[in-house]
Every structure is written in structure tokens, then in C-alpha cells.
Amino acid sequence: MDLHTLTLAGARRLLDEKKISSRELTRALLDRIAAHDNTINSFLMVDAADAMARADAADRQIAAGNQTVFTGIPMALKDLLCTRGMRTTCGSKILDNFVPQYDATVVAKLKQAHGVILGKTNMDEFAMGSSTENSAYFPTKNPWHLDYVPGGSSGGSAAAVAAQFCCAALGTDTGGSIRQPASHCGVVGLKPTYGRVSRFGLVSYASSLDQIGPIARTVEDAALVLNLIAGHDPMDSTCASQDVPDFTAGIAAFEKQGLKGMSVGIPKEYLGMEGIDPDVLAVFENAVKVLTELGADIKEVSLPHTAYVVAAYYIIAPCEASSNLARFDGVKYGFRANHADDLIDMYKQTRSHGFGPEVQRRIIIGTYALSAGYYDAYYGRASQVRALIMEDFSQAFDACDILLSPVAPTPAFRIGEKMDDPLTMYLTDIFTLSANMAGVPGISVPGGFSANNLPIGIQMMAGRFDELSLVRAAYGMEKSLGLNRLFPTL
Amino acid sequence: MKISRQEVENIAHLARLEIDDQSKASLCEQLSGILDYMDKLAHVDVQNVKPVSGAAFMHNVLREDAPHPSPGPDVTLANAPKKDANYYLVPRVVK
């Protein structure tokens, strides 16, 4: 059997039935990574010895009948999640030698469940980017076509899942960084409600927008990962104390009644937009058809402030980043420039050599927008526009259960194509930014392919803490289209 | 809005970044383009709109002010680029 083809749920069944061991599964995936990741470059670091030790420990738990859903399941982690004793670089040279002294809460939960950590995946430096080209180490390639980007910033995690290097992966999403790479790589990506998952131990980019979530092969697997990582954490004061349902109940709800009684809103501002690729539109129109056939009630809704989302986001996120990234000063951890004349010079040299161009650009934008004389015009105004965007979503979800949209205006673009023009890159985030601004959950589920065989995803968003509706609708789409059974040939 | 070289230098200093001359020119151009785009926010009617600073439920999160064990200096300073006993070392501040 080709063990790499197993979904998380499928691997769980075989592990429980003792038809495979975690050792065999982990070995098979490590071998596959060794054979193919030198072309895809999805991992920044693979710790085979640690993974095998965890697999053996998991096998002992299974033998004793003590397993949970994640016992022995090999996972990949985006390299901005702190892993105790395991290097965590954030895709940056400034953290090249950083070895965390504690685990992020999501990592602790995975370890507690006796999950297996295969390694840390590549990303745009500090999660700033939409293509993984901003990694200080190397760009990751799209497993469907090596000349194309996997999307970003969780491009390494999405590529690793698509390439069948791991059962599932964790990514983070500040403006689409789970959903967009999932779309470009033909896998499922779920950004939970802000506050659903603890951010403790996630290296912060924009704290009011960041959220950790699953990237997986199937909607069921994504729901299982969310089951593992969701829930209140006293270490993150923004982490919600809401009850955590079993998210796979959304699948049961679909099996019972399809999408009957579910209303799906299509934001009219999205469809009139210029620059949407015809293949993306065709996939979107097909998704509308599928959801209708499944019993959903389709209606038009309005998000009146859509035209201002990119501008408001690209003020707020860099402002928060400029503040969050002030901690990288060469004093407490990470890279320090030697031969500085004095303390200020040491800060400057450390940061200028340690941060890449996009990170420096966003720090500069954020510092500018927060500086005396500009605060009201930029950060203040963007925060007011954010309130209006949140109100748009609140009204839309009074009228419907989920919103349907493309994930990105185009399929994956060619490596290098947009690197010289930051603003054009920012504009490609138009469909995903709003969920972060409003704090609502969003999912990207495979919807079809472009003419040149690149995956195209469909985005669904729901009201706060209503991930169950996303799971139900996305599972319906997945079951109807059957795209989760297609994988790139490596 | 056109950003001058001088402004880029001032902001870079505030952000504790050192930008080389070549990057300054391209940054002026890129930032001007980006900020021009941001100017569209001036067209939104935000009168009486209360700004939001986040998407979390806005309430105070309190806990007992109880002592917890500290990880201690060995752990805390494990990643320090330069240290001396239990202190971080930095370049001389006082001349």
C-alpha cells in the first residue's frame, strides 16, 4: 500500500486496526520527503530522528490502547510555531539560530496527543507575502507545476500536504495565508474564527488578525485538526472561552440533510470586480451550481465597503507588524550584527541585515502610518473602516449562513512574476483579507482546475464561531466534486 | 502622496533600520505608490464611526495575581547572542 496516499482519518483507521504502525507510516513519509522535497522545497527543516522517536512512542500508546485521534499521525508545522528544542526561523535570517524554550499551545496539544512532527515548513518571512517567495531561505514550488508559486504565506505547509508528505499541516492566516495557498495547491485550508485557537507561541505578525488553522487533504481531516487545536487557553487573552463543538458534526449534518435550509450569499461587489481570471470565474459559477443542487438557497448580498478592504488591511497589518517586530533587536535572541559602534547602531545593523526586503517595507509603512501627524489619517481611519467592514459582514450574516467567493482572482502565478511590484501582490489578497478584518472563519476547498491544470479553490465564510456551517457546506462541495482524490504526480 | 528621501530616512531611523542608497530610491517610489493607493480611504464616510482595534470580544481578561514558577535565567537567556552570567550584554550605552 502507498502509505502517503492515506488521509488523516484513513491513517487513523488503519493505525487503530493495527494494519499499519506509526513507524511504518512515518518512515514512508520521511522517505517520500527525502526523495521529492529537494525539488519542491516545502520543508525548511526535517527532524527524522525526532519524528521516528515520536512514532515509536505513539506505537506504544496504541499498543496499550491509549490512543487519541492524533496518536501516531505525522504532521508538518509552519515554521512560525514555536517548537521546544526545535529551531523556529519564521522564514527569516534574523531567527536563523533561534531554538524556542517552549512549545506553542497548538504544538503542545499535538505532542500531548502523541502526534508526530515531521518538520517545519517554509513560509514567507514572518508570514508577509502571498507566494512563499519572501522566504529568506528558498522559494517553495507548486507541486502541480514547478514553475509556479504554491501561494503564501503558508506555502510550505500547503505544498507539503498536496505533495502527500504529511497527513496534514498547520498554517497561519493573517490575510489569507492558509486559504490562498490551499487554493493554489488543491487542498483544504481552514482559517478559524479569531480567538478560536490559541496564538500562544505563534510568532506574531499582526496580532488582531493572526489565526492558526489546518491545511489538509479533506474537509474531514481539517475538521479533525480543528478539534485538536481549538479551545480556550489562559496564555492568550484573546482566545475565546466559547464551547468547542466536534467539528466533524458538520459532515454528519450534510449526510443527513444536504444543504437544505442553508442560505448562501454571493457578495455582488465581488463579481463585478475587474481582473478575475475566466477559469476562476468558471470554477466559481460551477460551485454555485453544485451548492444549488445540494439544496442551498442562493442569494445576492452586499458588502458595501469591499473597495476599501485592501487599503485598510495594508495599513493595519503593517502597523501591527512594525510594533510586533520591534522585539527583534539582536539583544534577547536571534541574529546580532557584530562590530556596531553603539547600541542604536547595533539595532539598525541587526535589523537591516536580519530582515528581508518585504519585511523592511512593511515595517517602514507601519512606522510611517503610526508616526506623529499621520496616525489619524492612516491607522485611525483604517480602524474606522475596519469597523464598517465588520458591520458589512454582520449584516450579510443576518441575511445568509455562509458567503461564497473565489479565494484569489487568479490561479497560482509564475515564480518571479510579481516580485517587483508589492502593490500588485497586495491586490491579489482581495477575497481573503475581509475574513481576518471581521474575525470570521473561512475555508478554501478545491473547486476545479485552470486550463493549464493548476488547482483553483472556492472560499466560504461564515459568522463568528460557525465553523460547523463551513464544514457542512465544504464537505458537500468536496463530496460532489471528488477533487480530493486528485494529486500531482511528483 | 509623494514620499521624499528625507522622510524615508527619518522613518527608517524610527524603525531602527538602515537603508542603503539604492534601496532608498526604490522604497521612495514603492511607498509613494502604496500610499497613493491608501488615499482612497479618505473617500469613506467615517463620521461617528468608532474605530476597532481587533476582532476579539472586547472585555477585560483578568486573572488572580498569583506567583508562578519562573523558567529561570538559564532558559530565559538560552538564545542570547551575548550574555554575561545572568545578564544580556549589549554594546556600551554610556560613553
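The values are calculated or read from the model by the stated rules, or taken from the named source; none is laboratory data. No experiment lies behind these values; they were computed from the predicted model shown. Quick reminder, even Gly has a Cβ in these numbers, built from the backbone with ideal geometry, and neighbours come from all protein chains shown. The area values use the complete protein model at the heavy-atom level, side chains included, leaving out ligands, DNA and RNA. Shrake-Rupley method; radii C 1.70, N 1.55, O 1.52, S 1.80 Å.
Give the peptides A:193-203, A:14-24 in descending order of average Cβ contacts within 10 Å, highest first. Can you show the working numbers first?
On the way: A:193-203: 25.0, A:14-24: 16.0.
So the peptides A:193-203, A:14-24, ranked by packing, come out A:193-203, A:14-24.
If you take the square roots of the eigenvalues of the alpha-carbon gyration tensor of the stretch A:1-125 and sort them as a ≥ b ≥ c, do you get rounded (a/c under 1.5), prolate (a/b over b/c) or oblate?
Oblate, since a/c reaches 1.5 and b/c is not below a/b.
What distance in nm separates the two pseudo spin-label positions at A:Ala34 and B:Lys82, each 7 Å out from Cα along the beta-carbon direction?
4.2 nm
Give the shape of the stretch A:236-293 as rounded, prolate or oblate, defined through the alpha-carbon gyration tensor: a ≥ b ≥ c are the square roots of its eigenvalues, a/c under 1.5 means rounded, and otherwise the shape is prolate if a/b is larger than b/c and oblate if not.
Working: a/c = 2.91, a/b = 1.44, b/c = 2.02.
Cα axes put the stretch A:236-293 in the oblate bin.
With a 10 Å radius around each residue's Cβ, average the other Cβ atoms per peptide and rank A:273-284, A:66-77, highest first.
Highest to lowest by the protection proxy: A:66-77, A:273-284.
For a Förster distance of 22 Å, can you work out the FRET efficiency between the beta-carbons of A:Met1 and A:Asp246, rounded to the nearest 0.05?
Calculated transfer efficiency: 0.15.
Inside 10 Å of the C-beta atoms of A:375-383, what's the mean count of C-beta atoms belonging to other chains?
Counting Cβ atoms of other protein chains within 10 Å of each residue's Cβ and averaging gives 4.
What does the accessible area of A:Asp31 come to, in Å² to the nearest 10, when a probe of 1.4 Å is used?
Using a 1.4 Å probe on the heavy atoms, I get roughly 80 Å².
Over the protein assembly as shown, give the accessible area per residue in Å² for a 1.4 Å probe, as an integer. Please list the in-between numbers first.
Numbers: 22400 Å² over 585 residues.
Here the per-residue accessible area is 38 Å².
Please give me the summed charge of the neighbours of A:Val187: other residues whose Cβ is under 10 Å from its Cβ, Lys and Arg +1, Asp and Glu -1.
0
State, in square angstrom and to the nearest 100, the accessible area buried between chains A and B, both chains counted, probe radius 1.4 Å.
On the way: alone 17850 and 9520 Å², together 22400 Å².
What A and B bury together is about 5000 Å².
Using a 1.4 angstrom probe on protein heavy atoms only, which residues from the stretch A:299-332 are buried by at least 20 Å² of accessible area when all chains are present rather than their own chain alone?
A:Ala307, A:Tyr308, A:Ala311, A:Ile315, A:Val331, A:Lys332
Long-range amide H contacts for A:Phe413: which residues qualify at under 5 Å (H placed 1.01 Å from N, peptide plane, sequence gap of 5 or more or a different chain)?
A:Val149
Give or take rounding to whole Å, what are the principal axis extents of the alpha carbon atoms in the protein assembly as shown, in descending order?
72, 56, 52
In the structure displayed, which of A:Lys19/A:Lys256; A:Lys93/A:Lys332; A:Lys109/A:Lys332; A:Lys332/B:Lys83; A:Lys109/A:Lys141; B:Lys2/B:Lys40 lie more than 19 Å apart, Cα to Cα?
Over 19 Å Cα-Cα: A:Lys19/A:Lys256; A:Lys109/A:Lys332; A:Lys109/A:Lys141.
Each label point is 7 Å from the Cα along the Cα-to-Cβ direction; what then is the distance between the points at A:His232 and A:Ala63, in nm?
Rounded to a tenth, the inter-label distance reads 4.0 nm.
Using a ≥ b ≥ c from the Cα gyration tensor of the stretch A:126-248 (square roots of the eigenvalues), is it rounded, prolate or oblate, where a/c under 1.5 gives rounded and otherwise the larger of a/b and b/c decides, a/b for prolate?
Oblate is the answer for the stretch A:126-248, as a/c is 1.5 or above yet b/c matches or exceeds a/b.
Let's see if you can work this out: charge +1 on each Lys and Arg Cβ, -1 on each Asp and Glu Cβ, no other charges. What is the dipole magnitude of the stretch A:17-155 about its Cα centre, in debye to the nearest 20?
Dipole size: approximately 440 debye.
Please list, in chain and number order, the residues 5+ apart from A:Ile298 or on another chain whose amide H is under 5 Å from its amide H, with Hs placed from the backbone.
A:Val264
Order the peptides A:122-132, B:23-33 from the highest to the lowest mean number of other Cβ atoms within 10 Å of their residues.
A:122-132, B:23-33
Take peptide A:360-367, look around each residue's Cβ out to 10 angstrom, count Cβ atoms belonging to other protein chains, and average those counts.
Mean number of neighbouring Cβ atoms from other chains: 6.
Got a number for carbon plus sulfur as a percent of chain B's accessible area, 1.4 Å probe?
Looking at chain B in its full context, I get 53 percent from C and S.
Only Cα pairs under 8 Å and at least 6 apart count here; give the relative contact order of the stretch A:367-490 as a rounded whole percent.
Taking the mean separation of contacting Cα pairs over the length of the stretch A:367-490, I get 24 percent.
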